[in-house]
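For reference, the structure discussed in these notes is given below.
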Amino acid sequence: RKEVEQDPGPFNVPEGATVAFNCTYSNSASQSFFWYRQDCRKEPKLLMSVYSSGNEDGRFTAQLNRASQYISLLIRDSKLSDSATYLCVARSGNTPLVFGKGTRLSVIA
Amino acid sequence: GAGVSQSPSNKVTEKGKDVELRCDPISGHTALYWYRQRLGQGLEFLIYFQGNSAPDKSGLPSDRFSAERTGESVSTLTIQRTQQEDSAVYLCASSEEPDRNIQYFGAGTRLSVL
């Protein structure tokens with residue numbers, strides 16, 4: 001059973017483009033949601049939390065749709081340095097975080 | 001301060017040998033997690049420690065895998081009689097109460113079983 005599912009990509013976009021990733025979660029009891037970023041051959045790092053009302057951090061916007069059980073990440077004005085794998089994460093109660101397999105993004109000059 | 005430290009960074013072993021992987025969490029972090037990441041795959045949860053006890057061992061793939069934590073600090077993940085399918089990056093993360101949502105990862109140990 002895949003609790004958190006993501007399109008693996010890769011998404012190949014030109015610099016300056018806007019790109020969006022979606023992620024679905026199967027556990028309706030999930031309460032907390034995050035996006036982590038993992039660069040090639042590096043460890044994952046927290047990118048941003050996802051709040052019910054949606055939240056923005058610079059060029060990054062995260063949204064949550066509880067009714068449809070999906071979260072999204074929008075990246076505006078893509079930079080070469082945004083190239084990475086983006087991991088969707090969900091959590092219910094005090095259980096450990098559940099990671100999706102990630103969506104790979106390549107931003108091309 | 002120092003982040004999560006894992007050692008060794010790379011380990012090459014022969015099939016059938018035992019290996020021990022070490023994780024030093026961030027000082028004061030009570031929660032510690034082990035994950036496995038095969039090449040091109042996502043993170044696979046293995047085990048979680050709260051203090052020195054492991055409330056969730058559900059991800060350990062077989063009885064060849066075990067982990068312990070002492071002094072609410074260092075943890076070791078032991079793989080006995082390694083198999084080729086054990087080849088992966090083993091990542092350790094720690095987090096601080098009360099916000100266990102933010103996990104800080106180590107750089108991982110890349111295990112290759114020949």
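Criterion applied to A:105, A:46, A:87, A:73 was being within 14 Å of chain B (Cβ to nearest Cβ), in contact with a strand residue (DSSP E or B) (Cβ under 7 Å, 6 or more places away or on another chain), crowded, with 21+ Cβ neighbours inside 10 Å and assigned to a strand (DSSP E or B), and the one residue passing it is A:87. Just wondering, is there one or more residues in the range B:100-114 that are under 14 Å from residue B:28 (Cα atoms), in contact with a Lys or Arg (Cβ under 6 Å, 6 or more places away or on another chain) and away from every other protein chain (no Cβ under 14 Å)? No: zero hits.
On the given criteria, is residue A:60 surrounded by 16 or more Cβ atoms within 10 Å (Cβ to Cβ) and away from chain B (no Cβ under 14 Å)?
Numbers: surrounded by 16 or more Cβ atoms within 10 Å (Cβ to Cβ): yes; away from chain B (no Cβ under 14 Å): yes.
Yes, satisfied.
Being farther than 22 Å from residue B:104 by Cβ, in contact with a Leu (Cβ under 8 Å, 6 or more places away or on another chain) and in a strand (DSSP E or B) is a property that residue A:34 lacks.
For the range B:10-110, list the strands (runs of 3 or more DSSP E) that sit wholly inside it and hold at least 3 residues that are surrounded by fewer than 18 Cβ atoms within 10 Å (Cβ to Cβ) and in contact (Cβ under 8 Å) with a residue 24 or more places away in the chain; which are they?
Filter on the range B:10-110 gives B:10-13.
The residue that is modelled with the lowest pLDDT, among those in the range A:90-102 that are of a type outside the set (Gly, Ala, Ser) and in a loop (DSSP other than H, G, I, E, B), is A:94.
The values are calculated or read from the model by the stated rules, or taken from the named source; none is laboratory data. Keep in mind that this is a model prediction, so the values were computed, not measured. Cβ: placed from backbone, ideal geometry, glycine included. Neighbour counts: every protein chain shown.
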